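Report on one structure; see the data block that follows.
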Amino acid sequence: MALDQSRELSKTIFSVLILQVTFSVLNVKADFNHSSQLHKKFITDLDHRVRPSLNASIPTDVNVSLHIISLREIVETHQFYMLNIWMEFYWKDEIRQWDPAEHGGVKVIYPYPGDTWIPRVLISNSVEKRDLFSDDHTLHGIFYDGTTRWYPGSVISAGCTLDLTYFPFDSQICTLRFIPQSFEWDVNLVAAQDGINTSGYARNCEWRLESTSIRKTALVYDNLSLGSMYFDFRFSRRPTFYLVNVFAPVAVMSLLAPLVFVLPEESGERVSYSVTLLLSMTVFLSFVSEKLPTCSEPLPLTVTYIFAMLIHSGLCVVCTVFQLRFIQNHKDQAGNQQREDENAGLIDAGSSHQENGNNDHAKKLDDNYVNDHIFVTDTMPKGNGQPRSGNGTRSTDKTRSMLKHCSKHFN
């Protein structure tokens with residue numbers, strides 16, 4: 001008896017499961033059929049080129065929201081930047097609306113962008129393709145009340161005029177300019193938020209995102225107005241890399257440059273030391289120049305500072321060379337003067353020796369002459385045949401005095 005009851009309960013449970021699976025399959029089939037009917041009614045049978053508005057004189061409000069994912073880079077040399085973003089567009093489709101109760105509870109359908117009308121938005125300051133979302137295959141959803149949402153995304157390269165006066169302590173304001181490829185009486189761009197959504201922004205190692213803003217302006221071409229929307233990004237550079245790798249070495253080298261005059265001249269390293277610092281300054285100047293545009297106006301203060309330090313090092317080199325040249329000339333003059341003094345001393349010594357020899361020779365000649373004269377005078381006989389005595393002595397003294405006077409005169 002118990003076994004029969006168990007069998008009956010198992011059959012009942014199995015039957016309930018079969019019914020549930022059957023109803024689920026039927027519901028899925030019903031949803032598929034209703035979705036197919038909605039696609040055929042609102043997509044296949046309607047022209048996707050026609051703006052879905054019951055009154056063509058009233059523009060379609062397209063709400064725009066921008067979500068920034070990351071800043072790829074800012075290229076200073078070519079003055080453009082790259083952003084990774086995704087957009088959110090939503091508007092009211094007044095044609096494609098239905099009651100979910102009449103269509104098996106289907107509340108949303110997902111056609112391809114090319115199967116229904118979507119607003120075409122151009123980026124006027126793009127440096128590459130302007131119509132970035134024309135080939136975007138992201139599905140968009142059409143809800144039963146006509147609300148249509150589209151979420152395209154792309155990596156955008158847009159131009160940005162950079163002011164590098166205070167590089168690397170600069171801040172840049174870059175803009176994305178969105179312009180609908182329709183006039184204001186067809187499409188009206190409306191900011192869905194007060195600012196740009198930065199909740200999913202990934203930190204950049206070189207630039208800091210300071211603030212964002214949204215502006216709406218009207219561009220007029222040949223009396224035709226185009227409603228455009230500007231998304232502004234304010235980025236400030238992180239200067240730590242340049243402070244450590246550029247400014248600190250340049251400052252240290254500028255302090256080391258005057259030390260060349262402290263080096264002893266005998267070391268022979270003055271010129272090589274100053275030239276090495278000059279070349280190092282040139283390397284740092286070229287490193288900074290590679291990061292800057294060729295037509296940078298005004299000239300960055302960093303370049304002016306490094307160029308001034310380069311001139312400073314160059315003047316140290318010039319002063320070192322002239323100083324060494326002056327010292328060498330002074331040494332050469334001192335050596336020449338020493339040699340001249342030595343030669344003059346040798347000449348004076350030779351002249352003194354020759355003068356002493358001449359004086360001795362003249363004295364000998366004088367003595368011989370005096371002796372001879374005295375002998376002759378003294379031995380001359382008197383009138384009576386006797387030698388002179390008193391007068392001869394006076395004559396001898398007079399003769400010696402005369403000879404000395406003549407010797408001094410000739411010398």
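Tally time: how many residues in the stretch 139-166 are in a loop (DSSP other than H, G, I, E, B) and over 40 Å from the mean Cα position of the chain (by Cα)?
Looking only at that region, the number is 5.
Does the stretch 101-110 contain any residue that is in the same structural domain as Y230 (by TED's automatic domain parsing), assigned to a strand (DSSP E or B) and over 21 Å from F233 (Cα atoms)?
Scanning the stretch 101-110 turns up at least one residue that is in the same structural domain as Y230 (by TED's automatic domain parsing), assigned to a strand (DSSP E or B) and over 21 Å from F233 (Cα atoms).
Taking only pairs six or more apart or across chains, which ones have beta-carbon atoms under 6 Å, a first residue in the stretch 107-131 that is in contact (Cβ under 8 Å) with a residue 40 or more places away in the chain, and a second residue that is crowded, with 19+ Cβ neighbours inside 10 Å and in a helix (DSSP H, G or I)?
Pairs that qualify, where the first residue is in contact (Cβ under 8 Å) with a residue 40 or more places away in the chain and the partner is crowded, with 19+ Cβ neighbours inside 10 Å and in a helix (DSSP H, G or I), are I109/L38.
Take the conditions modelled with pLDDT of 80 or more and either in a helix (DSSP H, G or I) or buried (at least 17 other Cβ atoms within 10 Å of the Cβ) (or both) and apply them to V271. Does it pass?
no
Return the residues of the stretch 74-100 that are touching a residue at least 40 places away in the same chain (Cβ under 8 Å), in a strand (DSSP E or B) and more than 20 Å from I179 (Cα to Cα); say none if nothing qualifies.
Across the stretch 74-100, the qualifying residue is only I74.
Consider the stretch 167-192. How many of its residues are under 24 Å from L83 (Cα atoms) and either assigned to a strand (DSSP E or B) or not assigned by TED's automatic domain parsing to the domain that holds L83 (or both)?
Number of matching residues: 13.
What's the number of the only condition in (1) surrounded by fewer than 16 Cβ atoms within 10 Å (Cβ to Cβ); (2) modelled with pLDDT of 90 or more; (3) closer than 20 Å to S70 by Cα that D145 fails to meet?
(3)
Select, from S254, S228, the only residue that is buried (at least 17 other Cβ atoms within 10 Å of the Cβ), modelled with pLDDT under 90, out of contact with any Ser or Thr (no Cβ under 6 Å at 6 or more places or on another chain) and of a type in the set (S, T, N, Q).
The unique qualifying residue is S254.
Please state which of the following conditions T147 fails to meet, knowing it meets all the rest: (1) in contact (Cβ under 8 Å) with a residue 60 or more places away in the chain; (2) farther than 24 Å from L219 by Cβ.
Result: T147 passes all but (1).
Where residues in the stretch 112-138 are part of a strand (DSSP E or B) and β-branched (V, I, T), which of them is nearest to E297 (Cα to Cα)?
I123
Within the stretch 282-308, can you find the residues that are hydroxyl-bearing (S, T, Y) and surrounded by 13 or more Cβ atoms within 10 Å (Cβ to Cβ)?
Hits for the stretch 282-308 are T282, S289, S296, T302, Y305.
Kindly evaluate T212 against the criterion of being of a type outside the set (F, W, Y) and under 17 Å from the mean Cα position of the chain (by Cα).
no
The values are calculated or read from the model by the stated rules, or taken from the named source; none is laboratory data. Remember, predicted model here, so these are calculated numbers, not experimental data. Please note: Cβ atoms are built from the backbone with ideal geometry, for glycine as well, and neighbour counts cover all protein chains shown.
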